Amino acid sequence: MAQSPAARIAVNGVTYEFDGDVRRSLLDFLRRDLGLTGTKKGCDHGQCGACTVMVNGRRINSCLSLAVMHDGDEVTTIEGLGAADNLSALQKAFVSHDGFQCGYCTPGQICSAAAMMEEIREGWPSFASEDVAGRVHLDDEEIRERMSGNLCRCGAYANILTAIKEVMESGAKP
Amino acid sequence: MKDSYDSPDDRNLLDQTRQGVIGQPLDRPEGRLKVAGQAPYAAEYDRPDCAEGVLVGATITKGRVKAINRDAVLGMPGVLAVFSAPEMLRRAAQGGAGEAPMQDVRQVEFPLQPIALVVAETFEQATHAAKALVVEYDDQSSKAVLVPSPGRAEPAKDPTENGDLEGALKDAAHVVDVTYTTPGHASAAMEPHAAIAEWDGDSLTLHGSLQMVKYNVDELADSVGIPSDRVRIVSAYVGGGFGSKLGISHEAVAATIASRQLGRPVRVVMTRQQVFQAVMRRSETVQRIRLGADSDGRLTALGHEAFVSNLPEESFSEPVLQATQFLYGGENRRLTLNISRINRLTAGSVRAPGEAVGMPALESAMDELAVALHLDPVELRKRNVPDQVPGEGTPYSSRKLVEALDAGARAFGWDRRRPLPCQQREGEWWIGMGMASAARVNILAKAEARVTLRGDGTVLVETDQTDIGTGSYAILGQIAAEMLGQPIERTSVHLGDSLFPQGAGSGGSWAASSTGSAVFRACEAIRAELARGLNCAPDDLQLRDGMAWVEGTEPRPVTDLMDGDIARIGRIEPGELMEKVKQATYGAFFCEVAVNAFTGETRVRRMTGAFGFGRVLNAKTARSQCLGGMVWGIGMALTEELQFDHRDGHLTNHDLAEYHVPVHRDIPEMEVLLIEERDAAASPLQAKGVGELGICGAAGAVANAIYNACGVRLRDFPMTPDKLLADLPDPFAGPT
């Protein structure tokens, strides 16, 4: 077998060495090697969004990415946003608006929403945008469209929308 | 006190207590852990030296495994063993089985049925080896039954025959005779089935993702041939179940056998595709519905004849007629349920078995009757609310159907609906409104829970009851805090561990009222103890914020009345009331859709649900349950459908890319009205269940709105654009 490639990956501000199986996904690196099980595996095929994390500030499905590809990257997981005794604004809003039931899609929803808020701030258009070259007019349909990569089988969508809107309108850090 | 609930507890104790937390829309107490990613789900326990197992599925439809070429994969890096033991499951257990389901994993009954487990040091190694495993079969696929055939169906249960259905239909002023079909559905819980098994001598601990721990212990023990008291199951957080985790499944037994052999913990997580292919499906249905009404719209005849399927020897048959039995009148009736045997994965419980598919068909047929009568669909339903269960004479317990219909119609603005189709157009979209009733049987199940009022005044609730997103952590704590007069912050709830007393489990919407009643009764026993300390009758005892008193006396700290912890186990069992009184939950759905005049695409624009399910224990989590059910209804109406290849019977859309559960953009503004109700016949809490009511009829409201929008009456769910296109009116013609 060829020599294992190594990667240095910063996760929530701490740098880790990855020197393992090249087949290991970023998701399994987080869950298995680092014990950061807040990032969930729902499908392992990029279909459900439960594994959403931020890499260099952009949201990705960590199951579709190999750990070895992330040399020099900065990864933020749900654990990096806030802990149970020190919740972020989005995490608090999800609790108070019941933006989840079973909780399994929730870390992915929250990471996805946090990154989405930055995308909107930067003026990225979406399929729901009336004018892809102009200013994004932020309405419910924009948020729904941009969050549609994160499935919730419990059907908490209406509450998730309320939670995200509350944080966006408050201007708080997600 | 007798365990069985035989006569209504009319004291309404929870309306007399003083703490004021019951029913309040409190946040889920475990919510902080969930949003921070700190709630551990089954696969996430860090067990030292844990090996990883990956299941292997059969590549034939029917037959027997002759040989497994182990040696080739045992030489691969990290591979530890290949298991295909007779004890391993070929079918998942049905809900409440309490014994091993079908074993002998080498007997193949449907495509991709698990037949082996490959265990390696890492997940990647095990996955690679599982894909490389070569299996030889005695292939009998040509003998497999691949398509359900109503012609070969057998009666699934005794039919209901009252009066003369054909005669009444002949005499009826208006008749509807229609056949609706619904496809198979998947639970598709977000967390795939997962287990970590670990042996300590002859004792087994399984961290699993399971809904009904007490039954799961017996199922697992029976499967591997050990006494139940040697099995501990921990299922503290469950990433959704919706029926698919009622009974143990392939991963739990495979992990257990591998761990026993290897002498180390073994984790098995099913892939998303395996969950779809192997665990549990909702049966497809064919439903012929015949309705006969007099000129006032009163039902005189009601026929509902349904066909479902399952594997040979499975006792479960999708109980399609469950609500038809009691919802509406019509004294001349025939209700029959027939089942055909087929080589597809096990058919079992998927959220609201029966009503989830029976109600949309019935409610669509009722809409067709309303059209025939030129009668408002809400009014048609109100005219057919029976005084007692037709053909049985059983009285109803509290029933808020009419209230829900009225409140929902008012909130939704039903009076703005145009009775005829094709009346409203916005750009290229036809706009329409539809409604449906909601109904779901209510069940009280046997349950136990332990409540401890500690010497420092804090409260602890313990039961093996699970919380699969339903809100058990929240409501059980609220019941205990309310009954014992302690602030909710001083109450903690520990669930999902078989070391605790046996709750009802999560299924059939019974968890809250059943395990909640056990908590209630444990608290009553503690209250009796406190009352002794105050020399008063238990029901005269006043408790709030840790203080105790009787009217007219000075409050004293509860802790002064105690000599250390007071721990009591509360128990409840279903009793005569389950037989003597028809208990159900009711509601109504109202929905507005837009149907694209050119493409046939349907978008739900808004939806209102009004529901009566007894006392609301937590208005926030109850509302969420209703919302979730309505989301399922939209999925069922528009996108969800298991599709099987008719050549070899395999499931073609076996993942979340191809089986389309609703996404954010599919779900519009939704409104939920909780109707005030107390049902003492249902439970001492006056509460019923709400976990499934929100789906029971919802898809019918969408279907009826599609008809109202564009005049196309589809009778085949889901109502996808391809089915609508052929019958859409001329898109250029505009409103009629």
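Here, each number is a calculation from the coordinates, and none is a lab measurement. Everything numeric in this text was worked out from a predicted model, so none of it was measured. Please note: Cβ atoms are built from the backbone with ideal geometry, for glycine as well, and neighbour counts cover all protein chains shown.
General remarks:
- The range B:332-448 pair-distance distribution - Cα-Cα, 5 Å bins, rounded %: 2, 7, 13, 18, 18, 14, 11, 9, 6, 2, 1, 0
- Sequence-distant contacts, meaning Cα pairs under 8 Å at least 6 residues apart, place the relative contact order of the range A:89-170 at 50 percent.
- Projected onto its three principal axes, the C-alpha set of the range A:7-81 covers 28, 27, 20 Å, listed from the longest axis down.
- Pairs over the 20 Å Cα-Cα cut-off, from the set B:Lys2/B:Lys245; B:Lys580/B:Lys688; B:Lys157/B:Lys382; B:Lys66/B:Lys131: B:Lys2/B:Lys245; B:Lys157/B:Lys382.
- Under the simplified labelling scheme, the A:Glu74-A:Glu17 pair shows an inter-label distance of 2.3 nm, with each label point 7 Å from Cα along Cα→Cβ.
- Along each principal axis, Cα extent of the range B:137-287, largest first, Å: 72, 37, 29
- Across A:Met116, A:Met69, A:Met54, mean-square fluctuation computed from a Gaussian network of chain A (C-alpha pairs under 10 Å connected) peaks at A:Met69.
- Simple spin-label estimate for B:Glu166 and A:Val132 gives 6.3 nm between the two label positions (7 Å along the Cα-to-Cβ direction from each Cα).
- Exposed loop sites were defined as trypsin sites (Lys or Arg not before Pro) in DSSP loop states (anything but H, G, I, E or B) carrying at most 10 other C-beta atoms within 10 Å; in chain B the longest segment without such a site runs B:3-646.
- Extension gain (nm, one decimal) between B:Glu529 and B:Asp648, 0.36 nm per residue minus Cα-Cα: 36.3 nm
- Computed over Cα pairs, the Kirkwood radius of the range B:539-656 leads via Stokes-Einstein (1.567 mPa s, 4 °C) to a diffusion coefficient of 61 µm² per second.
- Only one residue of B:Val224, B:Ala254, B:Val176 has its Cα farthest out toward the positive end of the dipole of chain B, where Lys and Arg carry +1 and Asp and Glu -1 on Cβ, and that residue is B:Val176.
- Pairwise FRET efficiency - B:Thr394 versus B:Glu489, Cβ, R0 = 56 Å, nearest 0.05: 0.80
- Debye equation applied to the C-alpha atoms of chain A, log10 I(q)/I(0) at 0.12 Å⁻¹: -0.55
- Computed [θ] at 222 nm, deg cm²/dmol, chain A (DSSP H ≥ 4; -39,500 (n - 2.57); rounded to nearest 500): -8000 deg cm²/dmol
- The value given for the protein assembly as shown is a Kirkwood hydrodynamic radius of 28.5 Å, derived from the mean inverse Cα-Cα separation.
- Spin-label model distance (nm) - B:Arg678 vs B:Ala132, 7 Å beyond Cα toward Cβ: 6.9
- Dividing the Cα radius of gyration of the range A:89-170 by its Kirkwood radius returns 0.96 for Rg/Rh.
- Sparse-neighbourhood loop sites, trypsin sites (Lys or Arg not before Pro) in the range A:115-160 - DSSP loop, at most 11 other Cβ within 10 angstrom: A:Arg135
- Pairwise Cα distances in the range B:295-375 exceed 21 Å in 36 percent of cases.
- Value of [θ]222 nm, deg cm²/dmol, for chain B, DSSP H segments ≥ 4, -39500 (n - 2.57) each, nearest 500: -7000 deg cm²/dmol
- All Cα pairs of the range B:514-577, percent lying beyond 17 Å: 45
- Considering only B:Leu204, B:Gly151, B:Ala132, and ranking their Cα positions along the charge dipole of the range B:127-240 that arises from unit charges at the beta-carbon of Lys, Arg, Asp and Glu, the one farthest toward the positive end is B:Ala132.
- Across the options B:Ile479, B:Leu375, B:Ala567, the greatest Cα extent toward the positive end of the charge dipole of the protein assembly as shown (unit charges at beta carbon of Lys, Arg, Asp, Glu) belongs to B:Leu375.
- Compared with the rule-of-thumb size 2.2 N^0.38 Å for a compact globular protein, chain B has a Cα radius of gyration ratio of 0.99.
- Reachable lysines, given that their alpha-carbon falls under 17 Å from the alpha-carbon of B:Lys143 and they are not under 8 places away in the same chain: B:Lys62
- Over the range B:1-104 - Rg/Rh using Cα atoms and the Kirkwood inverse-distance radius: 1.19
- A straight chain from B:Asp200 to B:Ala619 at 0.36 nm per residue would run longer than the Cα-Cα distance by 146.5 nm.
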